Amino acid sequence: MAKQDITTRNDIETLVNTFYDKVKRNPVLGYIFTDVAKVDWVHHLPRMYSFWSSILLGEQSYQGNPMIKHIELSRLTALTDTEFSEWLQLFHETLDELFEGENVAEAKVRADNIARLMLFKIQSVG
Ligand code: HEM
């Protein structure tokens, strides 16, 4: 069946669940989530559904400050170009596996820009 664009909250949940399944198993990123941040997935996944629904579907349900969270995280573990490149590669790969369309392109651009800004801020605060 031809791939469709991301258009519903259900699509966002599929994207986010598939992405974090890959992240957890990834040798560069997995331990940051499971061992360093000890992420509570029941809490984290719905926040990510809201984050991407706000960006791609205009839902306005996400409230939070991802920049501060990642700056704090970078004090506990190295967050360099290596980790961000891996994150982006997995995210792009997941998008292409599941969907096709304008929101796929938009998600990639937004993720790239946010990642670049996060890395810049992490490097600036030292
Ligand atoms: C090196 C790459 C990255 C790593 C290792 C990473 C890791 C994490 C971790 C461990 C959390 C905290 C989860 C928790 O304790 O609840 C988190 C939260 C989050 N991340 Fe990332 N992240 C990365 C890149 C990104 C990028 C590029 C984006 C956006 C495009 C992003 C968006 C978010 C958001 C929205 C949250 C939720 C913050 C909140 O609770 O409001 N992350 N990330």
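Bear in mind these aren't lab numbers, they're just calculated from the coordinates by the rules spelled out. Everything quoted here is computed from the prediction, not taken from an experiment. No Cβ is skipped: glycine too gets one built from the backbone with ideal geometry, and neighbour counts run over all protein chains shown.
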Determine which single condition Phe19 fails, assuming it passes every other condition in (1) within 15 Å of the chain's Cα centre (by Cα); (2) within 22 Å of Leu119 (Cβ to Cβ); (3) within 10 Å of the ligand (Cβ to nearest atom).
-> (3)
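Could you list, in sequence order, all residues of the range 47-67 that are within 15 Å of the chain's Cα centre (by Cα) and near the ligand (Cβ under 10 Å from one of its atoms)? Before the answer, list the steps.
Of the range 47-67, the ones within 15 Å of the chain's Cα centre (by Cα) are 47-56, 62, 64-67.
Correct list: Arg47, Met48, Ser50, Phe51, Trp52, Ser54, Ile55, Tyr62, Gly64, Asn65, Pro66, Met67.
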Which condition number in (1) out of contact with any helix residue (DSSP H, G or I) (no Cβ under 6 Å at 6 or more places or on another chain); (2) in contact (Cβ under 8 Å) with a residue 12 or more places away in the chain; (3) under 22 Å from Pro27 (Cβ atoms) is the one that Leu90 fails?
-> (1)
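Quick grid of which residues meet (1) under 30 Å from Met1 (Cα atoms); (2) in a helix (DSSP H, G or I):
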{"residue": "Met48", "(1), (2)": "yes, yes"}
{"residue": "Ser54", "(1), (2)": "yes, yes"}
{"residue": "Gln60", "(1), (2)": "no, no"}
{"residue": "Gln63", "(1), (2)": "no, no"}
{"residue": "Ile71", "(1), (2)": "no, yes"}
{"residue": "Phe84", "(1), (2)": "no, yes"}
{"residue": "Leu88", "(1), (2)": "yes, yes"}
{"residue": "Leu95", "(1), (2)": "yes, yes"}
{"residue": "Glu100", "(1), (2)": "yes, no"}
Mind listing whichever residues of the range 26-63 are of a type outside the set (A, V, I, L, M) and exposed (fewer than 11 other Cβ atoms within 10 Å of the Cβ)?
-> Pro27, Asp35, Lys38, Asp40, His43, Gly58, Gln60, Gln63
